Amino acid sequence: MEYSINTIKHVYLVRHGETDWNAQRLIQGHSDIPLNIRGIEQARRLAIRLKEIPITQVCSSDLQRAIHTASAVADALGLPVCQHVELRERYYGDWEGKDFRSIREQYPDFDPWTDTESKYNIETYSDMQQRGIACLTNIVRGSNAEHVLVVSHGGLINAVLHRMSNGLHGTGKTKLVNTSLSHIQYQEEMWIVHNVNDGTHLDGA
């Protein structure tokens, strides 16, 4: 079946499971940090939850915390994981490995979410947002799958949700929990946001 702009595509955006750096509130960016024990359990619960959805394609950032989260679901469904470097978290350059509190104290006048040029070797917010939107669009346009799982990172997911919802959700509005599920839809060249930051599979964890 060839792709049609009228075909409805459902995409389930998932933030990767927890890492030790998440727990310590350290900036990860492109640093390749593995899931911790809690993150592995979160991914297991996510896999159980997603058995209810007829997912036939699984995509992921190429960083191991995202791949391992995606693999928990893909293995349960008997599917491969397609890796996309464009789904990586924002590159934080000189800030990676530092904690958020010290960054705010050291750089009080720099707002990384509204920057229009690169500072401190950090990828701009707009560049991250654009590559995220472009990657998601290319995935759905190039696939016959009607239900696609995409595992990425909090910053990137929030950036694309912000664009798709005209600022109702995402950056500055939504604190995505690890392995939370956000449901978006692509139809007639438009993105529609249905549900954001669903972590009900984590209840009692």
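The values are calculated or read from the model by the stated rules, or taken from the named source; none is laboratory data. Just so we're clear, the structure is a prediction, and the values are computed from it rather than from any experiment. For neighbour counting, all protein chains shown are included, and Cβ atoms are generated from backbone atoms with ideal geometry for every residue, glycine included.
Quick look at the numbers
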read-out	value
Scan of segment 106-119 for residues that are crowded, with 18+ Cβ neighbours inside 10 Å and either touching a Gly at 6+ places or on another chain (Cβ under 7 Å) or modelled with pLDDT of 90 or more (or both), ordered by number	none
Odd one out for Val177, checked against (1) part of a loop (DSSP other than H, G, I, E, B); (2) surrounded by 15 or more Cβ atoms within 10 Å (Cβ to Cβ); (3) out of contact with any Lys or Arg (no Cβ under 9 Å at 6 or more places or on another chain)	(3)
Filter result for Asp99 (in contact with a Leu (Cβ under 6 Å, 6 or more places away or on another chain) and farther than 25 Å from Leu50 by Cβ)	yes
Residue check for His30: farther than 30 Å from Glu188 by Cβ, of a type outside the set (S, T, N, Q) and outside any helix (DSSP H, G or I)	yes
Subset of segment 164-174 [surrounded by fewer than 17 Cβ atoms within 10 Å (Cβ to Cβ) and farther than 18 Å from Gly199 by Cα]	Asn166, Gly167, Leu168, Gly172
Which numbered condition Met164 fails, given (1) over 16 Å from Tyr12 (Cα atoms); (2) without any contact (Cβ under 8 Å) to a residue 60 or more places away in the chain	(1)
Candidates Ile48, Ile103, filtered to the one that is modelled with pLDDT under 95, β-branched (Val, Ile, Thr) and in a helix (DSSP H, G or I)	Ile103
Unmet criterion (only one of (1) within 21 Å of Ala159 (Cα to Cα); (2) surrounded by 22 or more Cβ atoms within 10 Å (Cβ to Cβ)) for Arg25	(2)
Test: residue in segment 74-88 that is at pLDDT below 95, of a type in the set (Gly, Ala, Ser) and farther than 20 Å from Leu176 by Cα	no
In segment 155-174, the residues that are charged (D, E, K, R) and in a loop (DSSP other than H, G, I, E, B)	Lys173
Candidate set: segment 51-71, residues that are surrounded by fewer than 24 Cβ atoms within 10 Å (Cβ to Cβ) and in a helix (DSSP H, G or I); chosen: the one nearest to the chain's Cα centre (by Cα)	Ile67
Residues being touching a Leu at 6+ places or on another chain (Cβ under 9 Å) and either among the charged types (D, E, K, R) or loosely packed, with under 14 Cβ neighbours inside 10 Å (or both) - total across segment 180-205	3
In segment 180-198, residue nearest to Thr124 (Cα to Cα) [restricted to those that are assigned to a loop (DSSP other than H, G, I, E, B) and over 14 Å from the mean Cα position of the chain (by Cα)]	Glu189
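Residues are listed down the side, and each one gets a yes or a no for (1) within 20 Å of Gln57 (Cβ to Cβ); (2) basic (Lys, Arg):
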site: Glu86; (1), (2): yes, no
site: Glu96; (1), (2): no, no
site: Arg101; (1), (2): no, yes
site: Ile122; (1), (2): no, no
site: Arg131; (1), (2): yes, yes
site: Asn138; (1), (2): yes, no
site: Val148; (1), (2): yes, no
site: Gly172; (1), (2): no, no
